[in-house]
């Protein structure tokens, strides 16, 4: 019997990327895709779902509030949080609200199928973030950082991956984006930071901004 999934994320590229990833895997069936927490809570497919994958940063009702509401509805599905935030506090919050897993999109999407299977086997997956070492351990710090440099969360993801010496092709595959989209993000990053088209310059910025260790 296939594992039935609901996807909740306000980024269409993420939704369609995950949908495409699972379209050839006979173990899973995506029964609904929604763009925000309210759509998720009102979905007629909730009683059928085995696993709900949800982003935290959604408009209207965010992922944390959605977890509370889903728990109140006594939904039988397992909850997997997919997020951009490396946050010690958010991991604790999600665990306390009934999530079975907390996956960082840049690190875990390629292992999503195996993570779902572990959760279905009643295992939990939570990263061991050290609050003192993670620059965005609190929303306020990270949001101020984004505003200061006019960066998006996606651009910060790409900065970190570039600094891991990943090629544009590798980044595109990991984030379910086209190579053209990643290339465009990289150009925008260099323009916003007023850097030369140099990975070394970007690495130096990321190091000084504590985006990488």
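Observations on the model:
Listed here are the residues, each with its yes/no results for (1) outside the structural domain of residue 111 (by TED's automatic domain parsing); (2) touching a residue at least 24 places away in the same chain (Cβ under 8 Å); (3) out of contact with any strand residue (DSSP E or B) (no Cβ under 8 Å at 6 or more places or on another chain); (4) surrounded by fewer than 19 Cβ atoms within 10 Å (Cβ to Cβ).
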position: 162; (1), (2), (3), (4): yes, yes, yes, no
position: 170; (1), (2), (3), (4): yes, no, yes, yes
position: 188; (1), (2), (3), (4): yes, yes, yes, yes
position: 198; (1), (2), (3), (4): yes, no, yes, yes
position: 202; (1), (2), (3), (4): yes, yes, yes, no
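- Residue in the range 154-165 that is within 19 Å of residue 6 (Cα to Cα) and at pLDDT 90 or above present: no
- Flag: residue 139 does not match the condition of being at pLDDT 85 or above, closer than 24 Å to residue 97 by Cβ and surrounded by 14 or more Cβ atoms within 10 Å (Cβ to Cβ).
The values are calculated or read from the model by the stated rules, or taken from the named source; none is laboratory data. Remember, it's a predicted structure, so these values are computed and weren't measured experimentally. Glycine gets a Cβ as well: all are built from the backbone with ideal geometry, and neighbour counts include every protein chain shown.
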